[in-house]
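First the structure, in the form of structure tokens, and then the observations on it.
Every number here is computed from the coordinates shown, using simple stated rules; none is lab data. Small disclaimer: the values here were computed from a predicted structure and weren't measured. Cβ placement follows ideal geometry from the backbone for every residue including glycine, while neighbour counts extend to all protein chains displayed.
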Amino acid sequence: MGKYDCMYVGDGCTSGRIMLYQEQACGSCLKDHERAPGDGNVKDRKAQAKRNAKNKASGKRKEIDAIHNGKKKAKKEEAYRLEAQSELGAALDAELTDEEAKQIVQTVVFQDPMVAEFITAASTENPDSGYAGFTGCPKIEDESVRFLWAHNSTPVVQPIDPANDSRASKTSGFLTEANARKLATWTPEPIYQTNNRLNIKKVEYWTQKLLEESLDLPLGVRLWRVAGAGGGQDKRSDIGKVYKLFFTKLIDSPAKLGLRVVE
């Protein structure tokens, strides 16, 4: 528990925050007022680094992160739920339960010809490499290969030798968007669609989760690392969009396309 006032309490700070160390500035002074940190902030950062290292070594870091991320996700979902209901009213699609989302995956998503072909090939010596995702863009093709080239992510498959591969971006080393499109094919129409962002995220999550678990898909065959990790940030402008689930496959195996799998 802290026992010190912010070091700027006598110089205009009204946050009321109690600090752990003497000569420590509160977050409001540092971020909102761009004031300089004190020696106490240095001590706090060092202590936090030690705690993080200890938690990581013991495996507790993952548990802490899972709890924190779960709370953060629930808060964002509730904010979206309230705003979407306020703006769309009865026009908003009813929110799915997890069981209802899984039922849609089994009876709709897995029956799509491209997904069914992917499932069948997964049990052979030459499995396809595929990705299930969603978009709020007007057309599926606007985002169908983004997971292969987006600079703000780390694609699962990347050029083996980007410095000498004309298909690679000179800045990221990933495939360029134009070249990614040449290596993939995708569902031209939505497999499932809804105007409720919570629904599309659940259906995407369970599509990826059930494919991964039921088929024991290795990375490289599945072109996502963690189920339900996509979808970008929740923004006000997202309310009212029609979200579309799609499926994208590479035209051949990563190795034959000159791509490496990145863990």
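Descriptive notes on the structure:
- Residue pairs, from the table Lys50/Lys209; Lys102/Lys244; Lys56/Lys102; Lys62/Lys170, whose Cα atoms sit over 24 Å apart: Lys50/Lys209; Lys56/Lys102; Lys62/Lys170
- Violating pairs (Cα-Cα greater than 24 angstrom) within the set Lys31/Lys60; Lys71/Lys202; Lys3/Lys31: Lys31/Lys60
- Helical runs (DSSP H, four residues minimum) scored at -39500 (n - 2.57) apiece and divided by the length of the chain put the mean residue ellipticity at 222 nm at -11500 deg cm²/dmol.
- All other residues whose Cβ lies under 13 angstrom from that of Pro37 are scored, Lys and Arg at +1 and Asp and Glu at -1, for a net of +1.
- Partner aspartates and glutamates whose Cα lies under 19 Å from the Cα of Lys46, excluding those fewer than 8 positions away in the same chain, are identified as Glu23.
- Separation in nanometres of the label points that stand 7 Å from Cα toward Cβ, at Lys60 and Thr120: 5.3 nm
- Length released on extending from Glu78 to Asn52, taking residue separation times 0.36 nm less the Cα-Cα span: 6.4 nm
- Trypsin sites (Lys or Arg not before Pro) within the range 1-91: DSSP coil, no more than 14 neighbouring Cβ in 10 Å: Lys3
- Rounded to whole Å, the principal axis extents of the Cα atoms in the chain read 68, 54, 35, largest first.
- Net charge contributed by nearby residues that have their C-beta within less than 14 Å of Asp128 (K/R +1, D/E -1): -1
- Once the Cβ-Cβ distance of Glu141 and Thr171 is raised to the sixth power relative to R0 = 22 Å, the FRET efficiency obtained is 0.40.
- Test item: Cα-centred dipole of the range 122-263, Lys/Arg +1 and Asp/Glu -1 on Cβ, debye: 480 debye
- Angle of helix 39-58 to the longest C-alpha principal axis of the chain, folded into 0 to 90 degrees and rounded to 10: 40°.
- Distant-in-sequence amide H partners of Asp5 (H built 1.01 Å from N, under 5 Å): Met19
- Arg181/Ser86 FRET efficiency (R0 51 Å; Cβ-Cβ; nearest 0.05): 0.85
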